[in-house]
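What follows is one structure encoded as structure tokens, with my remarks underneath.
The values are calculated or read from the model by the stated rules, or taken from the named source; none is laboratory data. Please read all numbers here as calculations on a predicted model, not as lab measurements. Note that each Cβ is placed from the backbone with ideal geometry, even for glycine, and that neighbours are counted across all protein chains shown.
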Amino acid sequence: MTARLCSTSSLLDARAEDGWMTQLLRRVAASDRTAFVMLYDAMFTQVRRQALAALSLGDAVEAVVAATFLQVWWLAPLYNPDDADVPAWITAIAADRIADRRRNARAPSTADVDAGQRSPWSDLSGAYDETVAVVLAGLLGRRGPQKAF
């Protein structure tokens, strides 16, 4: 009986947390930066672990985390709680960013660019990562990209 009560309690806690996160995401959709910081703080570790498990480079991990949360900010108005809970929605976004990073890592060499087989834009990924980090730091109200993580 105790095990059943614990599992019921855990289920109620999970539902309460999901309701709290749904409310946060609704506030983010209304451009509430305080709610965004709270959601970031609540989900950062899970997203970072997901990226670390999938990617080997530290810079790539931090870039994926930053891009994930920036996309959460942009897409928050489109979130539908009937489709997924907030953590699942955010980790799905992270999975997409991880897949993008892997695709870029497998990009053809410079010689392939000369042969017309690689986009010239792929060399801008470092500038893109830095821009995303700066924008995220601004949304979080932190001074620089290194403070966002």
Next on the checklist: I need the full set of residues from the range 27-75 which are charged (D, E, K, R), touching an Asp or Glu at 6+ places or on another chain (Cβ under 9 Å) and under 18 Å from R142 (Cα atoms), in order please.
Outcome noted: E62
Checklist entry - If you take the residues in the range 17-48 that are buried (at least 20 other Cβ atoms within 10 Å of the Cβ) and over 14 Å from Y79 (Cβ atoms), which one is nearest to the chain's Cα centre (by Cα)? => result V47
Checklist entry - Any idea how many residues of the range 122-149 are at pLDDT below 80 and among the small types (G, A, S)? => result 6
Item to check | In the range 49-59, residue surrounded by the most Cβ atoms within 10 Å (Cβ to Cβ) [restricted to those that are among the small types (G, A, S) and assigned to a helix (DSSP H, G or I)] | outcome: A51
Item to check | Tally, over the range 60-114, of residues that are over 23 Å from V135 (Cα atoms), assigned to a helix (DSSP H, G or I) and at pLDDT 90 or above | outcome: 1
